[in-house]
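**Student:** Below is the structure I would like to discuss, written out as structure tokens.
The values are calculated or read from the model by the stated rules, or taken from the named source; none is laboratory data. Keep in mind that what you see is a predicted model, and the values were worked out from it rather than measured. Note that we place each Cβ from the backbone using ideal geometry, even for glycine, and neighbour counts take in every protein chain shown.
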Amino acid sequence: MRKSNLLERNWQQLDSAELRILLAKRIGGPGQYDSREKNPNNTLYLPLARSSCKVKLTFKNTKIVAVEPGPAFDAVEWTQVRDEVQNSLLAGPVKVGREYSFCTFRVLGSWRGARSGVQVLPAPAGAPRANIEIADHPFILEFPLTESALPEITNHRRIREHRRLTLLLNVLLAGRTSFQPTRSESLWANVPTENDPFRTEWVQQSFLANLGSTVTDSLSKASEDPIEELDSREYYASGGHDGGPLRVPSDLDASICRYLHLSPANRDKFDRAAFWMDMASRQWTISVSSSFASLVSAIESLTQRGTIHHLYCDKCKRECQHEVPGATERFRAFLEKYAPGVVHKKQRTEMYSLRSGILHGSEVMQLDQDLAFGWDPPGWNERELHRELWSVTRIALRNWLRDPSDPGARETSTFSKRRSALVMMGLGGLILWIGGAIFAQRKRRMSS
């Protein structure tokens, strides 16, 4: 690192996004590149380049690794920035952040994690509500939040933590737990009225409801009706949407604490896995192939890279990179460790093979090709493989949060097999679940 680097040693855990917000606020922006540099995209000048530059930011991947003084550097101004980093970014009082999340089960009561400080509350009386059971039902999620003296940074943290915890709940709770995307789309939708039940309008995807304060000093008062807790084994063994409200597993608070206590590196890995798990749901209605590939990416986010070495290839006449174990073997080994007995080795190989075909452009799943005969073996086999992958991915991600050295802490195949109907979330999953039941019933009738 250069000697002129203004980043101090005790700033190693400093979040680069938060530092960027602070610098934009105090130094100015929007920032500028200098096209004369060899790698301009790794360097940003604030507030502008060349003679107007006060500080020069150097990035490595997504992290700011150096802040250097520029020609217009102001030492007094930087002293103020340094004090804010110490007193407002690296320290601050703990408050409570609040935001809306959504669940495929209605949230009629409240739940509070005594150790994690996370709370689930029903939406207030005036909030919009869906008139069908399987929908995105709103609820308020509250969580611990370190406040900064700079409101922009506090809000950035609130949005970030809300997103992380919502994606975590999507792994830990039955059904689907989600948040409204920041990049919303417009679409044609049926907006029935009393005089026209089939009225169609071009609408924007959005949700607006009274939330109250986004940051408070303490958790809100719990509702009179608590959310029912079920034994975790019973909870994960049951499947499907029974029309009832949201229930939670008895170890939910412990699971959230395990996540909060992960090392920064492992937290990043799990966040990536939870992201791809969420993407699998969002992509389901657009592309089953992309949804399938996202599920494999969720698992790969938690695998360890193999040992890389180089071998001379007689055919290529050059040295080639070789990794042991390879990607397919790492995928199979991870599922064997964190979801033992759920799927066989042959199925694990088929899953990764289909994923490779999809991402390399040689495969598109039958469900994406609008085939009229969805019950034919090619489409049905892929449908079953997708269903099994969805189930095993959720099991593996939950087990990864538990102590991997304790086999008894993991879900066993006995319970895992009974809960395969949980694999699909939302209406698409229910349709597949019902279809499978009808197909099985027809087979039994034919055999009898």
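**Student:** For the range 128-149, what are the residues that are out of contact with any helix residue (DSSP H, G or I) (no Cβ under 9 Å at 6 or more places or on another chain) and either buried (at least 17 other Cβ atoms within 10 Å of the Cβ) or outside the structural domain of L165 (by TED's automatic domain parsing) (or both)?
**Tutor:** Scanning the range 128-149 gives H137, P138, F139, I140, E142.
**Student:** Kindly establish whether S223 is in the same structural domain as L173 (by TED's automatic domain parsing) and surrounded by 14 or more Cβ atoms within 10 Å (Cβ to Cβ). It would help to see each step written out before you state the result.
**Tutor:** Values: in the same structural domain as L173 (by TED's automatic domain parsing): yes; surrounded by 14 or more Cβ atoms within 10 Å (Cβ to Cβ): yes.
Yes.
**Student:** Now for a different question. Exactly one of (1) surrounded by fewer than 12 Cβ atoms within 10 Å (Cβ to Cβ); (2) at pLDDT 95 or above; (3) of a type in the set (A, V, I, L, M) is unmet by A91. Its number?
**Tutor:** (2)
**Student:** Scan the range 204-227 and give yes if some residue there is in contact with an Asp or Glu (Cβ under 6 Å, 6 or more places away or on another chain), in contact (Cβ under 8 Å) with a residue 24 or more places away in the chain and assigned to a helix (DSSP H, G or I), otherwise no.
**Tutor:** Scanning the range 204-227 turns up no residue that is in contact with an Asp or Glu (Cβ under 6 Å, 6 or more places away or on another chain), in contact (Cβ under 8 Å) with a residue 24 or more places away in the chain and assigned to a helix (DSSP H, G or I).
**Student:** State which residue is modelled with the highest pLDDT when the search covers only the range 321-351 and only residues that are in a strand (DSSP E or B) and surrounded by 11 or more Cβ atoms within 10 Å (Cβ to Cβ).
**Tutor:** At the first step, the residues of the range 321-351 found to be in a strand (DSSP E or B) are 321-324.
Now restrict to residues that are surrounded by 11 or more Cβ atoms within 10 Å (Cβ to Cβ): 322-323.
Values: H322: 63, E323: 66.
The extreme case among them is E323.
**Student:** Considering only the range 23-67, state which residues are in contact (Cβ under 8 Å) with a residue 40 or more places away in the chain and in a helix (DSSP H, G or I).
**Tutor:** Passing the criteria: L23, K25, R26.
**Student:** Same structure again: Could you list, in sequence order, all residues of the range 68-88 that are surrounded by fewer than 17 Cβ atoms within 10 Å (Cβ to Cβ) and assigned to a helix (DSSP H, G or I)?
**Tutor:** Residues satisfying the conditions are A75, V76, E77, T79, Q80, R82, D83, Q86, N87.
**Student:** For G357, are the conditions met, namely being farther than 25 Å from D271 by Cβ, of a type in the set (G, A, S) and out of contact with any helix residue (DSSP H, G or I) (no Cβ under 6 Å at 6 or more places or on another chain)? Spell out the reasoning first.
**Tutor:** Working: farther than 25 Å from D271 by Cβ: yes; of a type in the set (G, A, S): yes; out of contact with any helix residue (DSSP H, G or I) (no Cβ under 6 Å at 6 or more places or on another chain): yes.
Yes, satisfied.
**Student:** Kindly establish whether F207 is surrounded by 19 or more Cβ atoms within 10 Å (Cβ to Cβ), closer than 17 Å to F102 by Cβ and among the aromatic types (F, W, Y). Steps first, answer last, please.
**Tutor:** Numbers: surrounded by 19 or more Cβ atoms within 10 Å (Cβ to Cβ): no; closer than 17 Å to F102 by Cβ: yes; among the aromatic types (F, W, Y): yes.
So F207 does not fit the description; no.
**Student:** Further, regarding this structure: I'd like the full set of residues that are in a loop (DSSP other than H, G, I, E, B) and not hydrophobic (A, V, I, L, M, F, W, C), limited to the range 352-369.
**Tutor:** First, pick out the residues of the range 352-369 that are in a loop (DSSP other than H, G, I, E, B): 360-365, 369.
Correct list: H360, G361, S362, E363, Q369.
**Student:** Something else about it: Can you find even one residue in the range 202-223 that is within 23 Å of D251 (Cβ to Cβ) and either of a type in the set (S, T, N, Q) or at pLDDT below 95 (or both)?
**Tutor:** The first filter runs over the range 202-223 and keeps only residues within 23 Å of D251 (Cβ to Cβ), leaving 219, 222-223.
From what is left, the residues that are either of a type in the set (S, T, N, Q) or at pLDDT below 95 (or both) are 223.
Yes, the range 202-223 has at least one match.
**Student:** Can I ask one more? So which of D242, D268 ends up being out of contact with any helix residue (DSSP H, G or I) (no Cβ under 8 Å at 6 or more places or on another chain), in the same structural domain as F143 (by TED's automatic domain parsing) and of a type in the set (D, E, K, R)?
**Tutor:** On the way: D268 fails: in the same structural domain as F143 (by TED's automatic domain parsing).
None of the other options fit; the residue is D242.
**Student:** Across the range 243-279, what is the total count of residues that are among the hydroxyl-bearing types (S, T, Y) and not in a helix (DSSP H, G or I)?
**Tutor:** 2
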